[in-house]
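Comments concern the structure below.
The values are calculated or read from the model by the stated rules, or taken from the named source; none is laboratory data. Here the structure is a predicted model, which is why all the values come from computation and not from measurement. Every residue, glycine as well, gets a Cβ built from its backbone with ideal geometry; the counts of neighbours run over all protein chains shown. When the accessible area is computed, the model is the full protein with side chains, heavy atoms only, and any ligands, DNA or RNA have been set aside. Shrake-Rupley method; radii C 1.70, N 1.55, O 1.52, S 1.80 Å.
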Amino acid sequence: MARYLKQGRDPGLIAEADAKVRAIVESTLADIAARGDAAVRELSVKFDGWDRDDYRLTDQEIRDCLSELSSRDLDDIRFAQEQVRNFARHQREALKDLEVETLPGIVLGHRNIPVNSVGCYVPGGKYPLLASAHMSVITARVAGVGRVVTCAPPYQGRPAPAIVAAQHLAGADVIYCLGGIQAVGAMALGTETIQPVDMIVGPGNAYVAEAKRQLFGRVGIDLLAGPTETLIIADDTVDGEICATDLLGQAEHGPTTPAVLLTNSEKLARETMVEVERLLGILPTAEVARKSWQDYGEVIVCDSYEEMVAEADRIASEHVQVMTRDPDYFLERMTNYGALFLGPRTNVSYGDKVIGTNHTLPTNKAARYTGGLWVGKFLKTCTYQRVLTDEASSMIGAYCSRLCMLEGFAGHAEQANIRVRRYGGRNVPYATAAE
């Protein structure tokens with residue numbers, strides 16, 4: 001049976017905080033819908049201290065941001081973007097249009113059609129998270145999206161040069177320096193100066209994730225990608241230092257980041273807890289990481305690999321790092337996760353920044369029903385049909401007619417009947433309202 005050596009914050013307190021977020025987001029989105037640019041501007045000033053007449057960056061502002069970065073910085077951004085682009089292209093090539101003759105004269109098919117316009121949110125108020133620009137903009141471009149808009153908050157009182165460079169090099173058509181609920185709401189609902197999009201993608205804090213949830217239906221969303229989560233599955237093949245490093249490496253994202261160790265070694269569990277405290281004494285981001293670890297960190301000891309798989313699927317974490325004798329055991333058996341990182345040579349940071357898989361992943365147990373952002377999220381798989389012969393139309397029509405009448409849909413049945421009469425003659429058995 002799984003045993004907790006450390007548990008996180010009381011679930012009731014978390015639910016109470018979530019309810020407050022929902023209420024704030026609901027009223028804020030209603031304000032944006034009612035007052036447009038005026039509401040967006042007030043929110044930007046209130047939360048980011050950022051005021052301007054037009055939040056869209058000019059071409060000159062974009063060039064100025066690029067000029068602030070060294071050639072090495074720009075080359076590193078291009079390298080990371082090429083890894084994301086390369087993997088996205090392979091994913092796109094795996095998605096084929098389809099057309100098949102299922103019965104003589106009956107042709108069915110589907111086409112993968114890109115969404116027309118997408119708004120990409122790039123978080124950056126606490127850290128300039130340029131990698132999120134790669135993950136959303138490039139993937140949308142590879143999918144064939146026609147118009148790609150980006151929003152990122154100001155960083156230290158102005159557009160973050162690295163984020164702007166990443167947005168521009170990734171291929172964004174329009175770049176706004178705008179953050180939070182106001183950014184997501186403006187892109188989804190539209191204002192006097194911001195043209196609405198068909199879909200919103202990208203990670204963000206609890207307010208951004210809740211805004212996407214409330215806006216879903218008015219626009220599409222990729223998934224609920226809120227505050228970062230990390231789960232480490234480890235046995236005695238690794239040590240406490242590497243486990244603690246990888247836990248705190250994600251805990252620094254923010255004060256509400258769950259960081260969980262799942263192990264079958266109590267010795268490793270206790271060593272890791274000691275190492276966490278040691279590293280919190282020297283980590284530059286310890287103030288944030290400590291809050292996250294205190295409130296959301298967990299250490300769970302299991303009796304077997306089988307029990308570890310069950311616990312991991314229950315947790316359904318965004319990131320799952322597997323450092324065991326047999327990582328493939330978990331690859332073959334786990335079903336609920338955003339992304340797996342197999343073996344000690346890789347880690348979540350690689351996936352976050354550069355290796356090429358997408359880092360926009362499901363949180364808050366959404367991994368039970370969806371994977372992360374990828375090319376397929378930007379595509380609508382739309383079906384079509386055609387009937388090639390009179391014989392095929394009358395044959396399928398007769399079945400359709402009789403099935404419609406089983407449901408009481410006489411009008412539906414008549415859609416089939418008129419074709420049976422025209423293309424098959426009166427000897428084909430079909431149902432009528434009189435029957």
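Listing for the model above:
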| quantity | calculated |
| --- | --- |
| Residue identified as of a type outside the set (D, E, K, R) and without any contact (Cβ under 8 Å) to a residue 60 or more places away in the chain among Thr228, Thr245 | Thr245 |
| Selection status of Phe341, at pLDDT 95 or above and touching a strand residue (DSSP E or B) at 6+ places or on another chain (Cβ under 8 Å) | yes |
| Filter pass, Ile200 being over 16 Å from Asp48 (Cα atoms), in a strand (DSSP E or B), touching a Pro at 6+ places or on another chain (Cβ under 9 Å) and in contact (Cβ under 8 Å) with a residue 60 or more places away in the chain | no |
| Yes/no for Tyr384 being touching a strand residue (DSSP E or B) at 6+ places or on another chain (Cβ under 8 Å), modelled with pLDDT of 95 or more and either among the basic types (Lys, Arg) or within 22 Å of Arg85 (Cβ to Cβ) (or both) | no |
| Residue among Thr324, Thr272, Thr257, Thr335 that is of a type outside the set (A, V, I, L, M, F, W, C) and modelled with pLDDT under 95 | Thr257 |
| Residues located in the range 292-310, provided they are in contact with a strand residue (DSSP E or B) (Cβ under 6 Å, 6 or more places away or on another chain) and either of a type in the set (Val, Ile, Thr) or within 10 Å of Ile233 (Cα to Cα) (or both) | Val299, Ile300, Val301, Met308 |
| Test: residue in the range 187-194 that is under 21 Å from the mean Cα position of the chain (by Cα) and either crowded, with 24+ Cβ neighbours inside 10 Å or without any contact (Cβ under 8 Å) to a residue 40 or more places away in the chain (or both) | yes |
| Filtered residues of the range 198-216 (kept if more than 17 Å from Ala152 (Cβ to Cβ) and either out of contact with any strand residue (DSSP E or B) (no Cβ under 7 Å at 6 or more places or on another chain) or crowded, with 24+ Cβ neighbours inside 10 Å (or both)) | Ala206, Glu210, Arg213, Gln214, Phe216 |
| Test result for Gly351, open to solvent by less than 10 Å² (accessible area, probe 1.4 Å) and either touching a Cys at 6+ places or on another chain (Cβ under 8 Å) or touching a residue at least 24 places away in the same chain (Cβ under 8 Å) (or both) | yes |
| Some residue of the range 121-133 being in a strand (DSSP E or B), crowded, with 19+ Cβ neighbours inside 10 Å and not small (Gly, Ala, Ser) | yes |
| Qualifying residue in the range 161-175 (condition: assigned to a helix (DSSP H, G or I), at pLDDT 95 or above and open to solvent by 50 Å² or more (accessible area, probe 1.4 Å)) | yes |
| Only one of Val148, Val142, Val118 that is in a helix (DSSP H, G or I), on the phi < 0 side of the Ramachandran plot, buried (at least 18 other Cβ atoms within 10 Å of the Cβ) and modelled with pLDDT of 95 or more | Val142 |
| Test set (1) in contact with a strand residue (DSSP E or B) (Cβ under 6 Å, 6 or more places away or on another chain); (2) over 30 Å from Val219 (Cβ atoms); (3) surrounded by fewer than 21 Cβ atoms within 10 Å (Cβ to Cβ) - Glu332 fails condition number | (1) |
| Condition check for Ala209: touching a residue at least 12 places away in the same chain (Cβ under 8 Å) and assigned to a helix (DSSP H, G or I) | yes |
| Some residue of the range 63-80 being within 13 Å of Ile175 (Cβ to Cβ), within 29 Å of the chain's Cα centre (by Cα) and not aromatic (Phe, Trp, Tyr) | yes |
| Residue among Asn358, Asn427, Asn417, Asn364 that alone is modelled with pLDDT under 95, under 45 Å from the mean Cα position of the chain (by Cα) and either over 30 Å from Thr257 (Cα atoms) or not acidic (Asp, Glu) (or both) | Asn364 |
| Yes/no for Tyr369 being free of Cβ contacts under 8 Å to residues at least 40 places away in the same chain and more than 16 Å from the chain's Cα centre (by Cα) | no |
| Test: residue in the range 101-111 that is in a loop (DSSP other than H, G, I, E, B) and modelled with pLDDT of 95 or more | yes |
